[in-house]
Amino acid sequence: MSPIKILVFLGSVRTSRMVERLRKFIETLIENHNMQPVIIDPLTLAQSAIELNRTPLHFFADPESDAPTWMKDLNEGIRRASGFLILSSEYNCGIPPALTNLLNTFPPWSYRHRPVGIITYSTGNFGAVRVLSVLRPYLTELGMIVVPAYATIPMIQETLDEDGNVIRNGFELKNIDTVLEEVRWYAKAIKTFNVNHPLPS
Ligand SMILES: Cc1cc2nc3c(=O)[nH]c(=O)nc-3n(C[C@H](O)[C@H](O)[C@H](O)COP(=O)(O)O)c2cc1C
């Protein structure tokens, strides 16, 4: 069976963003769970940030000839991924716009029928737990299967250092292992099932 490729969506383009710490921490961990991480970073992705906001791929009259190459390539990457992981903070109780801009650029049928794990973090005491309840229906609307486990990391600046090393371990980091195991389990199950029951394209 081909490797279980997990697309990891970063939810921030902010200067000195904390998501960098989580990205560095999670990359090795995903490999330890026998999956292949592919980081999708809204900061470096679009040639121009405007491209992420103006026209979603499925709103071009003829996406094949009119859409930017990076958009078509990433769409193909999304379609071929075995699963997804969302690294998100909470901005005023909502989903950071960098994340919605990125995900909304692609049609729901590119994401559908693949598992997604959610890991939220904040510099405060609650680990952005409120955004979880917003992310779940949003990701479902995009066609992903939200796995039951989730992880929230409060006080991320005191939990992971700038290189992604653990400063202070707590039960919240163990929950990340559970999220990754669930994503892997669903991804494998869907891949296996799909061999005999392929989805219509
Ligand atoms: C515009 C804005 C709104 C925020 N709102 C919340 C919030 O509602 N809840 C929370 O726990 N933290 C909130 N924070 C603090 C974030 O937890 C913290 O800045 C975190 O580092 C953001 O992630 P990032 O650094 O990867 O962008 C907010 C931060 C910003 C910039």
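The values are calculated or read from the model by the stated rules, or taken from the named source; none is laboratory data. Bear in mind the structure is a predicted one, so any value in this text is a computation, not a measurement. Note that each Cβ is placed from the backbone with ideal geometry, even for glycine, and that neighbours are counted across all protein chains shown. Accessible surface areas use protein heavy atoms only, side chains included; no ligands, DNA or RNA. Shrake-Rupley method; radii C 1.70, N 1.55, O 1.52, S 1.80 Å.
Packing here is the average count of other Cβ atoms within 10 Å per residue, and on that basis the peptides 117-127, 91-101, highest first, run 117-127, 91-101. Ranked by the mean number of other Cβ atoms within 10 Å of their residues, highest first, the peptides 53-61, 102-110 come out as 102-110, 53-61. The alpha carbon centroids of segment 1-69 and segment 74-106 are separated by 7 Å.
Here the sum of -39500 (n - 2.57) over DSSP H runs of 4 or more residues, divided by the residues of the chain, equals -13500 deg cm²/dmol at 222 nm, to the nearest 500. Counting charges near Val183 (Lys, Arg +1; Asp, Glu -1) among other residues having Cβ under 13 Å from its Cβ returns a value of +2. Only protein heavy atoms count here; under a 1.4 Å probe, Asp177 has an accessible surface of about 60 Å². Counting charges near Leu29 (Lys, Arg +1; Asp, Glu -1) among other residues having Cβ under 12 Å from its Cβ returns a value of 0.
A dipole drawn for the chain from +1 and -1 charges on Cβ atoms has a positive end, and of His197, Thr55, His33 the residue lying farthest that way is His197. Each Cα pair under 8 Å and six or more residues apart adds its separation to the average, and for the chain the resulting relative contact order is 24 percent. Per the 1.4 Å probe, what fraction of the accessible area of the chain, in percent, lies on carbon and sulfur atoms? About 53 percent, which is the carbon plus sulfur part of the accessible surface. By the Cα gyration tensor, segment 5-196 has an equivalent ellipsoid whose semi-axes, rounded to whole angstrom, run 26, 20, 15 from largest to smallest.
When both bridge partners sit in segment 5-196, DSSP labels roughly 10% of those beta bridges antiparallel. Taking the Cα centroid of segment 165-191 and of segment 115-154, what is the distance between the two, rounded to the nearest whole Å? Centre-to-centre (Cα) distance: 13 Å. For Asn194, the shell of other residues with beta-carbons less than 11 Å away shows a net charge of +3, using +1 for Lys and Arg and -1 for Asp and Glu.
Accessible area per residue was computed with a 1.4 Å probe on protein heavy atoms; Asp66 scores about 80 Å².
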